[in-house]
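Only one structure is covered here, and it is reproduced in the block below.
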Amino acid sequence: MKKQLIAIAALGLFSACGTKNAEEMNPFFSDYHTPYGVPCFDKIKNEDYLPAFKKGMEQHDADIDAIVNNTDAPTFDNTILAYENSGELLSRVSSVFFNILEANSNDTLAQIANEVTPLLSAHSDNIALNENLFSRIKTVYENREKDSLKGEDLRLTEVIYKDFARSGINLPADKKERLKEINSSLASLALKFNENVLKETNDFTLVLTEEDTDGLPQGVKDAMAAEAKALGKQGYVVTMQKPSWIPFVTYSTRRDLREKVIKGYVMRGDRGNENDNKEIIGKIVNLRVEKANLLGFDTWGAYMLDENMAKNPQNAYALMNQVWIPALKKAKEELSDMQKMVNAEKGGFDIQPWDWWYYAEKVRGQKFDLSEEMTKPYFTLENATKGIFTVCEKLYGLSFVEKQDMPIFHPDVKVYEVYDGDTLMGILYCDYFVRQSKRPGAWMTDYRSEKYVDGKRQVPVVSLTCNFPKPVGDTPSQLSIDDVKTYFHEFGHCLHSLLTDVKYETLAGTNVQHDFVELFSQIMERWAMHPEVLKLYAVNHKTGEVIPDDIIKKIEASDTFGQGFATTEFLAAGLLDMDWHTRTAVQEYDVNAFEKEAMNKIGLIKEIYPRYRSTYFTHIFPGGYSAGYYAYLWAEVLDADAFESFVQNGIFDPATAKAFRTKMLSKGNTKDAMELFMDFKGAEPSVTPLLKSRGLL
Ligand SMILES: [Zn+2]
């Protein structure tokens with residue numbers, strides 16, 4: 001059937017017939033016919049996306065028209081609920097396409113993204129600015145008390161109404177037109193920014209010979225040799241992916257090569273070549289100011305934070321500044337320890353950014369006698385997975401059953417059924433290993449969200465993506481302590497989605513305020529390195545020995561080591577983000593000068609770069625974290641404080657776990673975030689546990 005269709009298309013004959021067949025065969029157009037209705041990845045082809053997007057937008061428009069043209073008076077059911085359930089096909093294709101675009105991209109998909117992004121932006125604008133639709137929504141919203149809307153129905157009505165109000169529906173026609181242009185430009189610029197970062201990340205590699213590898217542990221060398229082989233090169237290769245360059249700059253004795261690697265990394269998007277992002281940044285910042293002004297806000301930050309727990313940029317600045325001073329002080333102490341070591345070795349140089357990881361590791365070794373090479377054998381991917389599953393079992397009674405023969409989009413992907421007792425809570429896709437077609441980082445997404453359909457819970461289909469090193473030969477994938485924490489972190493997001501139990505998708509799982517969402521991921525990190533938990537999963541894969549007490553003590557003792565650096569580089573990025581997004585007028589930018597001034601203002605020392613420089617700050621320019629990078633810290637105040645309850649009652653205390661799950665984790669956005677927190681904690685959050693846990697107090 002497939003061959004026939006290609007032949008017909010190649011001859012250019014019977015195009016109508018060909019179209020019909022293509023439509024019948026497009027897997028997005030019917031049920032997936034798969035276990036649990038997961039996407040049939042094995043059948044989806046690149047050429048299926050564009051027709052599905054187009055038809056999805058048409059159907060969504062028809063759904064909206066049906067709401068608008070309804071002659072009955074607006075009610076919750078015929079307006080809010082109908083709107084909530086509209087555009088099903090479009091959600092189906094979008095959730096698959098954008099996940100694959102990030103996790104397993106290729107030039108064709110990038111091309112489709114370029115074509116479809118402006119269409120999607122215009123499509124969502126047409127709905128967001130549809131006055132007839134809004135007028136019905138507004139009527140339901142205004143009648144909400146009279147009609148005694150309650151619980152999730154009331155919350156959904158409020159959330160949808162606010163979304164419209166924030167998107168510019170009340171603007172005069174000419175301003176609405178301008179807003180649409182801005183949104184479309186922003187969407188295209190975001191794509192271009194991401195594309196540039198991906199190219200810059202892939203394009204820069206450092207090819208090394210045997211003698212360039214001095215100081216590198218065997219495991220790091222093996223991974224670099226495997227990387228070289230994959231790229232068809234001789235010797236060893238360092239790439240701009242964190243699992244590659246961080247071990248290199250941590251162990252390499254070669255200052256000259258470390259310098260090349262760090263400069264390669266921090267100059268991404270800032271080389272003046274065709275992938276340069278500086279001009280794009282200026283455009284994005286200006287368009288955002290213009291959009292914020294159109295919508296009645298002074299700055300983009302004010303617009304974005306209006307809907308968050310922080311409420312405004314001043315509150316976000318206040319928290320960051322409160323932590324900045326002790327963090328920088330600590331970072332300077334760390335620098336001084338490292339410089340002493342250089343001087344003792346008669347190095348004859350001042351520490352530079354490319355020396356930081358190397359000497360930090362040496363100081364760590366001296367202070368705690370704990371190197372990553374000592375811990376890695378205990379932290380294989382298999383062990384970490386067992387650790388996470390055990391924690392989930394002890395806290396929430398969950399079990400995970402690996403499911404073979406499920407449709408997957410890459411042979412590395414594993415699929416699990418997630419059960420609470422006998423109840424299936426969701427399906428989990430895990431895609432662990434680094435590859436060129438995947439963007440850097442680690443993230444969680446949904447293929448299908450939880451909600452109730454005809455009174456029955458629709459199980460979510462959740463995806464976890466990481467960039468862990470692949471197993472090499474007989475050596476399993478070995479994780480650093482940071483990798484393990486990242487794994488627990490992303491798994492926390494997955495749990496938020498898997499355990500949510502609410503009626504409506506818009507209110508489900510991770511669809512909460514930005515500075516609240518990281519509470520659920522970051523709190524999971526606190527179990528990762530807890531001594532009681534380590535004993536349950538950290539077993540040496542070579543000897544079978546459970547992690548000994550002295551290594552655990554060293555991990556504990558070194559837990560706050562390097563927090564001066566980590567907190568400082570994080571806050572530098574958070575403050576840079578907020579500086580970019582508190583501009584009040586459109587202006588010309590010299591991106592590097594702006595960045596330099598922002599860093600000088602806070603007194604960032606020259607030995608530390610912000611965790612993300614502007615030209616590859618994908619969270620904030622293309623991503624949804626604009627004026628929102630602070631949110632990780634905001635949420636850390638919450639998670640440190642919430643975890644205090646577990647510390648006091650026992651880290652697996654069933655009553656505390658039950659309260660955490662039923663009062664916050666499963667609740668999605670059915671209540672205001674601060675209310676949910678107070679329901680669990682019984683008090684407003686305090687910043688002290690955070691400062692204590694980072695060793696900054
Ligand atoms: Zn996160």
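At a glance:
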{"quantity": "Distant-in-sequence amide H partners of residue 463 (H built 1.01 Å from N, under 5 Å)", "calculated": "429, 445, 446, 447"}
{"quantity": "Cα gyration tensor category, rounded, prolate or oblate, for the range 539-697 with a/c compared to 1.5", "calculated": "oblate"}
{"quantity": "Reduced Cα scattering model of the range 164-295, Debye log10 I(q)/I(0), q = 0.09, 0.11, 0.21, 0.22 Å⁻¹", "calculated": "-0.43, -0.56, -1.12, -1.19"}
{"quantity": "Residue-wise HN-Hα coupling along the range 217-229, computed from phi with Karplus coefficients 6.51, -1.76, 1.60 (Hz; x: Gly, Pro)", "calculated": "x, 4, x, 5, 4, 4, 5, 5, 5, 5, 4, 4, 4"}
{"quantity": "Ellipsoid equivalent to the chain - semi-axes via the Cα gyration tensor, in Å", "calculated": "41, 30, 29"}
{"quantity": "Order of 520, 193 - criterion: other Cβ atoms within 10 Å of each residue's Cβ, fewest first", "calculated": "193, 520"}
{"quantity": "Estimated inter-spin distance, residue 550 and residue 108, nm [label 7 Å along Cα→Cβ]", "calculated": "5.7 nm"}
{"quantity": "Amide hydrogen neighbours beyond the local backbone of residue 468, cut-off 5 Å, H modeled", "calculated": "433, 434"}
{"quantity": "Pairwise centroid distance, computed over Cα atoms, of the range 162-219 with the range 577-628, Å", "calculated": "14 Å"}
{"quantity": "Gap separating the Cα centres of the range 411-460 and the range 664-686, nearest whole Å", "calculated": "25 Å"}
{"quantity": "Cα-based helix-to-principal-axis angle, 15-25 vs the chain, degrees rounded to 10", "calculated": "60 degrees"}
{"quantity": "Calculated from backbone phi, Karplus (6.51, -1.76, 1.60) coupling profile of the range 550-562 in Hz, x at Gly/Pro", "calculated": "5, 5, 4, 4, 5, 4, 4, 5, 8, 4, 8, 5, x"}
{"quantity": "Using alpha-carbon coordinates, inclination of helix 278-294 to the longest axis of the chain, degrees", "calculated": "50 degrees"}
{"quantity": "Size of electric dipole in the chain: Cβ of Lys, Arg +1 and of Asp, Glu -1, about Cα centre, debye, nearest 20", "calculated": "660 debye"}
{"quantity": "Two-site label geometry, residue 559 and residue 221: point separation in nm, points 7 Å out along Cα→Cβ", "calculated": "3.5 nm"}
{"quantity": "Label point at residue 454 placed 7 Å out along Cα→Cβ; residues across the range 488-506 whose backbone nitrogen lies under 19 Å", "calculated": "503-505"}
{"quantity": "Cα centroid of the range 75-151 to Cα centroid of the range 229-293, whole Å", "calculated": "35 Å"}
{"quantity": "Residue-span extension gain [residue 256 to residue 414] - 0.36 nm each, minus C-alpha spacing", "calculated": "52.8 nm"}
{"quantity": "Sparse-neighbour loop sites [trypsin sites (Lys or Arg not before Pro); the range 480-553; at most 12 other C-beta within 10 Å; DSSP]", "calculated": "542"}
{"quantity": "Neighbour-limited loop hits for chymotrypsin sites (Phe, Trp or Tyr not before Pro), the range 214-251 (at most 15 other Cβ within 10 Å; DSSP other than H, G, I, E, B)", "calculated": "none"}
{"quantity": "Residue-averaged 222 nm ellipticity for the chain, from DSSP H runs of 4+ at -39500 (n - 2.57), nearest 500", "calculated": "-18000 deg cm²/dmol"}
{"quantity": "Gain on full stretching of the segment that runs from residue 78 to residue 593 - 0.36 nm per residue minus C-alpha separation", "calculated": "180.0 nm"}
{"quantity": "Relative exposure of 281, 552, judged by other C-beta atoms within 10 Å (fewest first)", "calculated": "552, 281"}
{"quantity": "Likely footprinting exposure, 446, 590, 653, fewest C-beta neighbours within 10 Å first", "calculated": "590, 653, 446"}
{"quantity": "Relative contact order %, the chain, counting alpha carbon pairs below 8 Å whose residues are six or more apart", "calculated": "15 percent"}
{"quantity": "D_trans [Stokes-Einstein, Kirkwood Rh over alpha-carbon pairs] for the range 204-266, 20 °C, 1.002 mPa s, µm² s⁻¹", "calculated": "191 µm²/s"}
{"quantity": "Amide proton proximity set for residue 458, modelled H, under 5 Å, gap of 5+", "calculated": "451, 452, 453"}
{"quantity": "Crossing angle, helix 46-68 versus the chain [Cα axis fit, 0-90 degrees, rounded to tens]", "calculated": "50 degrees"}
{"quantity": "Test item: Cα-centred dipole of the range 204-266, Lys/Arg +1 and Asp/Glu -1 on Cβ, debye", "calculated": "240 debye"}
{"quantity": "Mean Cα-pair separation over length for the range 204-266, i.e. relative contact order, pairs under 8 Å, 6 or more apart, %", "calculated": "38 percent"}
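None of the figures in this text is laboratory data; all of them are computed from the coordinates on show. Please read these numbers as outputs of a predicted model, since none were measured by experiment. Glycine gets a Cβ as well: all are built from the backbone with ideal geometry, and neighbour counts include every protein chain shown.
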